[in-house]
Amino acid sequence: MRRLRCYVVALFWCGLTLLPETVASSHTDAADVSIIGYHQLTGQDLTSLAQQLPETPLQQLKLLQDQLFHSEQLLAVALDTIGFATTDDKTATPFTREQQSRWRQLVYNSSFKAGHWRQHVPTPLSWQATPRCGCAPEIVRQERFTNFSYGLVPYWQSGDSEIAFNAFNRIGLYSFTLGEHNQLQSPPNWRNNQQFNDFINTAQSHNTYLDIVVTAFDRISYHPADLQRLREQLVAELTTPMAGFALNNLQPWLSLGLSSRRTLADGVTFNLDLSSLTVAEQLNFETFLSDLRADLNLPAEASATDTYYINLKIPAKAVLNAALPKEVMALLNKVAVGPGAADTPYSPEKLAELAPLVNLLLVRFDHSIADSVGHSSAAKPDVYQFRREMKLLKTAIDSMANADDATLLLEKILPLFEMAQLQQSGQLTEQDLRNDLTYANWNFSGAAFWTLPLSQAQYDIVYQAFSVPSYGYQQVLLQLCDRVCPKRWFWRLVLAMLLLSVLAVYLLATLFYHPLQRWLEHPVMLYGVPGVFAIGLLLILSCDPYWHQFQSIILIVALALLLLGFILYRRLQQRREHYP
């Protein structure tokens with residue numbers, strides 16, 4: 001009996017010991033399930049919201065119908081891009097902040113779906129070139145200040161988007177996000193088949209490079225193992241060849257090994273918050289960037305001719321807060337800077353250490369920097385805050401002790417033009433845009449734009465700001481190249497097939513069927529085919545952005561070969577005249 005009681009007591013204590021672990025385990029599983037979710041505005045959700053929202057916000061939400069979002073923060077960005085609930089279209093009166101906040105919360109609640117999203121066919125991105133759109137100019141390495149134009153496009157854009165590719169060197173697809181342990185989460189319409197990657201082919205045919213934007217919000221981990229996992233995923237995304245295009249597989253052959261197969265992306269732009277990193281995390285992040293460059297077979301220091309670009313988006317407010325003492329303080333009426341601001345990763349000195357590892361620094365202005373750094377509230381507000389903020393950033397960098405570091409930063413910085421906000425604040429007239437782009441080109445390394453597409457007038461202004469004026473015959477050649485350049489790989493294939501056909505006929509006539517030699521000596525074959533081939537080759541090489549920089553050398557070599565061929569042919573004819 002005593003032994004039985006001992007067994008009962010032992011079992012009781014074992015049960016008490018195991019019970020909390022079992023309960024905790026089941027609670028954890030339930031918690032994991034509950035936090036898994038996404039946001040999607042279905043037709044049923046919009047019908048429900050129609051009873052709670054005015055007409056204008058409801059019509060705006062239809063632009064996002066059935067689009068999938070990994071998180072509420074990503075949905076919030078999407079609402080910003082469509083200008084959700086800013087102004088009533090009927091009365092032209094702005095909605096109050098209280099109304100905007102309440103309606104946004106309604107959208108968040110209605111769109112949230114628990115669990116993993118269902119497998120369905122998302123809407124593919126559709127990019128179309130604007131009329132008479134040629135190729136973006138090739139970026140070449142030079143001593144100082146190569147001007148870049150950079151556009152950003154969100155993945156949730158529906159319908160055809162007209163983009164002037166000849167005005168943009170690079171376009172960033174917004175946005176990939178990060179899950180637990182830095183698991184890379186791609187947009188739902190990021191798929192490697194012709195239906196979904198045709199927009200990549202369109203951009204690359206116009207010589208515009210595509211970067212993927214990685215936005216972490218608050219989910220990134222700087223633990224070495226998690227950063228390594230992220231690095232491996234990024235390398236896989238960037239180096240995967242684009243599927244669905246047969247011509248892509250022929251590119252290495254048509255370029256004689258000078259060009260490899262096109263991949264899904266040409267770079268990555270990190271949209272991270274580095275403000276609260278510890279010293280150890282800063283070192284881990286620098287090591288991560290260095291290892292990423294090594295994995296992509298890039299040189300240790302970034303240059304304009306890198307095969308893949310690694311870019312970083314930074315806030316201007318954080319840079320100014322860390323750099324404002326001394327010279328800039330006088331401009332801002334005795335600004336008080338927080339303690340330890342100069343030790344943040346966004347201080348100019350820290351950015352200068354990071355700059356060799358990145359190609360471009362996209363600087364975002366929040367258009368309230370003067371208030372955030374202690375500007376006098378009694379002062380009259382500046383109508384052109386964006387231009388003033390660019391000048392403050394330039395002054396802050398110029399005040400660095402090391403002039404070489406300041407130059408290095410200015411060569412990589414692109415001020416980010418947030419087009420919707422600038423338009424709402426009255427800072428986006430055509431003349432304002434011209435002036436601001438001129439300032440950005442002269443003092444920084446170009447400009448970035450959120451979001452594309454722009455209006456045709458704005459495209460024209462951007463193109464004029466980043467292109468070299470052409471005169472006389474150059475304009476005629478430019479118009480011709482606008483048609484040839486986007487299809488340059490097709491015409492390369494045509495020329496290669498023509499050359500191989502002529503060689504095959506010549507070998508056939510020489511080795512097997514001698515009567516064909518009489519036809520090969522016909523003037524059409526002797527002069528016409530080589531002439532067509534030479535003109536086509538010169539046209540393609542002149543219109544190809546890669547070879548355009550060697551245009552003069554190519555022309556001289558082609559003329560020399562043509563003259564040499566004519567001399568050899570005349571000598572051959574003279575010898576034949578002396579045959580018995």
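Considering only the range 177-271, give the helices (runs of 4 or more DSSP H) lying wholly within it that have at least 2 residues that are touching a helix residue (DSSP H, G or I) at 6+ places or on another chain (Cβ under 9 Å) and within 25 Å of Ser158 (Cβ to Cβ).
In the range 177-271, 194-205 are the helices (runs of 4 or more DSSP H) which contain 2 or more residues that are touching a helix residue (DSSP H, G or I) at 6+ places or on another chain (Cβ under 9 Å) and within 25 Å of Ser158 (Cβ to Cβ).
Can you tell me which residue within the range 403-437, out of those that are surrounded by 14 or more Cβ atoms within 10 Å (Cβ to Cβ) and β-branched (Val, Ile, Thr), is farthest from Asp89 (Cα to Cα)? It comes out as Thr407.
The residue that is most open to solvent (accessible area, probe 1.4 Å), among those in the range 253-276 that are among the aliphatic types (A, V, I, L, M) and more than 15 Å from Leu173 (Cβ to Cβ), is Leu256. For the range 364-384, check the following and say yes or no: at least one residue is within 28 Å of Pro154 (Cα to Cα), at pLDDT 90 or above and of a type in the set (A, V, I, L, M). Scanning the range 364-384 turns up no residue that is within 28 Å of Pro154 (Cα to Cα), at pLDDT 90 or above and of a type in the set (A, V, I, L, M). In the range 183-205, is there at least one residue being of a type in the set (Gly, Ala, Ser), under 14 Å from the mean Cα position of the chain (by Cα) and over 23 Å from Asn297 (Cα atoms)? Yes, the range 183-205 contains at least one residue that is of a type in the set (Gly, Ala, Ser), under 14 Å from the mean Cα position of the chain (by Cα) and over 23 Å from Asn297 (Cα atoms). Filter the range 217-252 down to the residues that are open to solvent by less than 50 Å² (accessible area, probe 1.4 Å) and of a type in the set (Asp, Glu) and list them by number. Those that are open to solvent by less than 50 Å² (accessible area, probe 1.4 Å) and of a type in the set (Asp, Glu): Asp226, Glu237. Here is the figure for the range 239-257: residues that are under 24 Å from the mean Cα position of the chain (by Cα) and either among the hydrophobic types (A, V, I, L, M, F, W, C) or at pLDDT 90 or above (or both) total 7.
Keeping to the range 88-115, report how many residues are farther than 15 Å from Leu41 by Cα, hydrophobic (A, V, I, L, M, F, W, C) and within 32 Å of the chain's Cα centre (by Cα).
Number of matching residues: 0.
If the condition is being in a strand (DSSP E or B) and surrounded by fewer than 23 Cβ atoms within 10 Å (Cβ to Cβ), then the range 155-172 contributes Asp160, Ser161, Glu162.
Looking across the range 48-66, just one residue is acidic (Asp, Glu) and open to solvent by less than 80 Å² (accessible area, probe 1.4 Å), and that is Asp66. Pull up the range 469-479, narrow it to residues that are closer than 20 Å to Phe168 by Cβ and free of Cβ contacts under 8 Å to residues at least 40 places away in the same chain, then point me to the one that is nearest to the chain's Cα centre (by Cα). Going through the qualifying residues, I end up with Pro469.
Per-residue answers, yes or no, for (1) on the phi < 0 side of the Ramachandran plot; (2) at pLDDT 70 or above; (3) charged (D, E, K, R):
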residue: Ser470; (1), (2), (3): yes, yes, no
residue: Arg483; (1), (2), (3): yes, yes, yes
residue: Met497; (1), (2), (3): yes, yes, no
residue: Leu526; (1), (2), (3): yes, no, no
residue: Cys543; (1), (2), (3): yes, yes, no
residue: Leu564; (1), (2), (3): yes, yes, no
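Within the range 277-286, if we keep just the residues that are open to solvent by 70 Å² or more (accessible area, probe 1.4 Å) and in a helix (DSSP H, G or I), the residue that is modelled with the lowest pLDDT turns out to be Val279. The set of residues from the range 381-419 being within 22 Å of Asn311 (Cβ to Cβ) and of a type in the set (Gly, Ala, Ser) comprises Ala396, Ala406. Beta carbons closer than 7 Å, at least 6 apart along the sequence or on distinct chains, pair a first residue in the range 44-55 that is in the same structural domain as Thr96 (by the TED database) with a second that is modelled with pLDDT of 90 or more and charged (D, E, K, R) for Leu46/Lys62. Within the range 439-449, identify whether any single residue is open to solvent by 10 Å² or more (accessible area, probe 1.4 Å) and either outside the structural domain of Gly159 (by the TED database) or within 30 Å of Ala78 (Cβ to Cβ) (or both), and answer yes or no. No - not one qualifying residue is present in the range 439-449. Among the residues that make up the range 508-516, is at least one of them under 51 Å from the mean Cα position of the chain (by Cα) and modelled with pLDDT under 75? Yes, the conditions are met somewhere in the range 508-516.
Can you find a residue in the range 336-348 that is out of contact with any strand residue (DSSP E or B) (no Cβ under 6 Å at 6 or more places or on another chain), closer than 27 Å to Ile139 by Cα, at pLDDT below 95 and not aromatic (Phe, Trp, Tyr)? Checked the range 336-348: at least one residue is out of contact with any strand residue (DSSP E or B) (no Cβ under 6 Å at 6 or more places or on another chain), closer than 27 Å to Ile139 by Cα, at pLDDT below 95 and not aromatic (Phe, Trp, Tyr).
The values are calculated or read from the model by the stated rules, or taken from the named source; none is laboratory data. Worth saying up front: this structure is predicted, and the values here are computed from it rather than measured. For neighbour counting, all protein chains shown are included, and Cβ atoms are generated from backbone atoms with ideal geometry for every residue, glycine included. Just so you know, the surface numbers come from the protein's heavy atoms only, side chains and all, with ligands and any DNA or RNA stripped out. Shrake-Rupley method; radii C 1.70, N 1.55, O 1.52, S 1.80 Å.
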